[in-house]
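What follows is one structure encoded as structure tokens, with my remarks underneath.
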Amino acid sequence: MSDEPRIPLADALPGMGIHPLEDGEVPISAFLLIKLLDEDGDPSWSFRTTEAPNREELLGALMIQVDLLKASLLSDWDAD
């Protein structure tokens, strides 16, 4: 990761939006997976964090999301 100072999300991802949190939920950290076009115009992936994440916590959250995505893809495949 870069040692550059952090900037507001709206400045980092101009023109993009995100679904809001539920009432009463308070954000404390974010891990963003960003699909982008590189300098040659080729699609690529990058990630950014709002702070240095707890790696164990992040790994657990990502593993849950991978499992949910796999289940969704399998469900879609079985429906065809």
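The values are calculated or read from the model by the stated rules, or taken from the named source; none is laboratory data. Note that the coordinates shown come from a computational prediction; the quantities given were computed from them, not determined experimentally. All Cβ positions, even for glycine, are placed from backbone atoms using ideal geometry, and neighbour counts span all protein chains on display.
Out of Ala10, Ala61, one residue alone is of a type in the set (A, V, I, L, M), in contact (Cβ under 8 Å) with a residue 24 or more places away in the chain and outside any strand (DSSP E or B). It is Ala61.
The set of residues in the stretch 4-24 that are within 20 Å of Leu58 (Cα to Cα) and surrounded by 10 or more Cβ atoms within 10 Å (Cβ to Cβ) comprises Arg6, Leu9. The residue of the stretch 25-80 that is surrounded by the most Cβ atoms within 10 Å (Cβ to Cβ), among those that are modelled with pLDDT under 95 and among the basic types (Lys, Arg), is Arg48.
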